[in-house]
Amino acid sequence: MFGTESSLSMFLNTLTPKFYVALTGTSSLISGLILIFEWWYFRKYGTSFIEQVSVSHLRPLLGGVDNSSPSNTSASNGDADSSRQSVSECKVWRNPLNLFRGAEYNRYTWVTGREPLTYYDMNLSAQDHQTFFTCDSDHLRPADAIMQKAWRERNPQARITAAHEALDLEDCATAYILLAEEEATTIVEAEKLFKQALKVGESCYRRSQQLQHHGSQYEAQHRRDTNVLVYIKRRLAMCSRKLGRTREAVKMMRDLMKEFPLLSMFNIHENLLESLLELQNYADVQAVLAKYDDISLPKSATICYTAALLKARAVSDKFSPEAASRRGLSTAEMNAVEAIHRAVEFNPHVPKYLLEMKSLILPPEHILKRGDSEAIAYTFFHLQHWKRVEGALNLLHCTWEGTFRMIPYPLEKGHLFYPYPVCTETADRELLPTVFHEVSVYPKKELPFFILFTAGLCSFTAMLALLTHQFPELMGVFAKAFLSTLFAPLNFIMEKVESILPSSLWHQLTRI
C-alpha cells in the first residue's frame, strides 16, 4: 500500500510544467473539434449528434419507445405538399372573418381609447375596396363616381359624407356597404343597410349580366357587380352568425358557394367551417375539410387546426399523458398528435393563444398566413370551439412543443410544409398594433445540451492551457494539490480496508 502511494507521489513530482501544457492544450483541441462538429451537425440536421446517437442506440437498450417519429406516409405527403406550394412567402390576405368597423372596431376604440387597426392595414382595405367595388365605367353614373372618390378618402367621416351624397342622387349598393361597415354602430343596423344594398346589388347584377358580352367595358362592370353582390351576401351571412341565427348563416354561405364557386379569393369556406363548429355539426365540418384540405390548395390556420381539432376530439376525452408514456400511443392518438404537429408547423403562434398563455387582441382586417396576425384571427373565433371539446386543449398542451423537435431546421427546411418565411415578423409588425401588443415570433430552437457542454469544456481547457503556459510552476503546484485532493478519499478508503483485513491476506492481494 505504502509502495503504491510513494510511487504515485514520485510520478507526480517528476511531471514537468510542459506536460501540463501539453495535456491541457490537447484537451482543448479535442473538445474544440467536438464542438465544431456538433455545431455543424446541428446547423445541418437540427439536432445534436451525441444526443441522436444516445436516443437511437442507447434508448432501445434501456427499453424506451419513441412514439414521436412521423409515419412514412405523412412524410411523403409533406414532400408533395411542399413541392406544390406556390404561394408567395409574405402575401397578405383579406381576413375572412374580419369585424365591422363601426359596430365592433370603433366600439373598442370608444371604450379603451386604443386604435385596433394600423394605418397599413386600413390602407390595404382601401386598396381592396377600390379593386372590388370600382371599375372604369363608374364615371358614367354620378353615384358611382362619388363612391370611387370615397373609397380613396383617408378620413372616415369624409367617406361617410360621400356615401350619403351618393344616396341622395340614386340608390347605390356600394354606398350602403360603406355605411353598413363604418357608420352603423350595431350589427342590427349594419344588417338593415346590407339588406338595402342587396336589393340594389341584385338589380345591377342582373342588368350587367345581360350586357357582359357587349364589350370589355360591360364585362368589367359585370365583374364589379359580381364582387359587390358576393360581398353583400357574405356580410349578411356574417350578420346572421353574429346575431345567433347560425343555421340561417350556414344556408346563406352554402348557397353563395354554389352560386359563385370560382370566387375562392373570398375564402367563404372558412366562414362556413366556423359556423358549422358552432352548431357542433362535425360531420359536415369533415366534409368541408375533405374538399378544401387538399395538397393543391393554399393552406390556412383554420384548415389545419380544424382538422387537428376533429382528430383530437376522437381521443381527447380519455387521453392521459402518464398512461400514454407507459403503454405508448394508440393509432387514433398518433393520428391526433400528427395532426397537431402539422398544424403547429404551419402556424406555431396559435397554441399560445389557444392555451391562453398570451393575451388576445381584436383581429386585423388582413392577415399573413403562418404569422401572428393569422393566429390572432383564428383564435379570436375558434377558441370557444376548442374549449367545447373535452380534453382537446389538454392534448394540445401535452403535444404541441414536440413539433419543434421534428422540424430539421425551421428557417431553412420544412417537414410537412415549405420553410417558415423569415419575413413574417416584419409584415406582422405592420399589420398589428405594436403599441399594446407584443408580436409573437417563431420559437427559437434551443441549442442542445452537448453543444453547450463541449463549448464550456473547450473554453475551460483552453484557459487552463494558457495559464499553464504563462505560469508553469504555479499551475504545477495547483495540479499536484488538485490530484492529491482527488485521490485523498481513495487513500482514506484503502487505509480503512488495510486496517480491517489481516496483514497476510492484504499481502497476498497486493502480490496478485
request  = Could you please tell me which pairs satisfy a Cβ distance under 9 Å, a separation of 6+ or placement on different chains, a first residue in region 119-130 that is among the hydrophobic types (A, V, I, L, M, F, W, C), and a second residue that is open to solvent by 70 Å² or more (accessible area, probe 1.4 Å)?
outcome  = Met122/Arg154; Ala126/Arg152; Ala126/Glu153; Ala126/Arg154
task = Find the helices (runs of 4 or more DSSP H) located wholly in region 270-329 whose residues include 2 or more that are of a type in the set (Gly, Ala, Ser), at pLDDT 90 or above and over 15 Å from Tyr378 (Cβ atoms), and list them.
result = 282-292
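Counting only residues that are outside any helix (DSSP H, G or I) and either more than 39 Å from the chain's Cα centre (by Cα) or within 14 Å of Leu236 (Cα to Cα) (or both), how many does region 146-183 have?
Adding up the residues that qualify gives 3.
For residues that are outside any loop (DSSP other than H, G, I, E, B) and open to solvent by 30 Å² or more (accessible area, probe 1.4 Å), scanning just region 333-379, find the one that is farthest from Ala307 (Cα to Cα).
Checking each candidate, the answer is Lys352.
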query = Of the residues in region 98-117, how many are open to solvent by 20 Å² or more (accessible area, probe 1.4 Å) and of a type outside the set (Phe, Trp, Tyr)?
reply = 10
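Within region 199-258, count every residue that is part of a helix (DSSP H, G or I), within 30 Å of Leu140 (Cα to Cα) and not charged (D, E, K, R).
27
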key: Hey, Tyr205 hydroxyl-bearing (Ser, Thr, Tyr), farther than 22 Å from Val188 by Cβ and in contact (Cβ under 8 Å) with a residue 12 or more places away in the chain or not   = yes
ask   = Restricting attention to region 380-399, does a residue exist that is more than 15 Å from Leu432 (Cα to Cα), among the polar types (S, T, N, Q) and surrounded by fewer than 24 Cβ atoms within 10 Å (Cβ to Cβ)?
value = yes
remark   = Okay, helices (runs of 4 or more DSSP H) sitting entirely in region 386-436 with 1 or more residues that are closer than 19 Å to Ala343 by Cβ and modelled with pLDDT of 85 or more, I get 392-399, 424-431
message = Need pairs with beta-carbon distance below 6 Å; first residue touching a residue at least 40 places away in the same chain (Cβ under 8 Å) and within region 209-229, second part of a loop (DSSP other than H, G, I, E, B); sequence gap 6+ or separate chains.
response = Ala220/Cys135; Gln221/Cys135; Arg224/Cys135
inquiry  = For the list (1) out of contact with any Leu (no Cβ under 6 Å at 6 or more places or on another chain); (2) farther than 30 Å from Tyr282 by Cβ, I need the number of the one condition that Leu256 fails.
reply    = (2)
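The values are calculated or read from the model by the stated rules, or taken from the named source; none is laboratory data. Source: prediction; values computed, not measured. We place every Cβ from the backbone using ideal geometry, glycine too, and count neighbours over all the protein chains shown. SASA here: full protein model, heavy atoms, side chains in, ligands and nucleic acids out. Shrake-Rupley method; radii C 1.70, N 1.55, O 1.52, S 1.80 Å.
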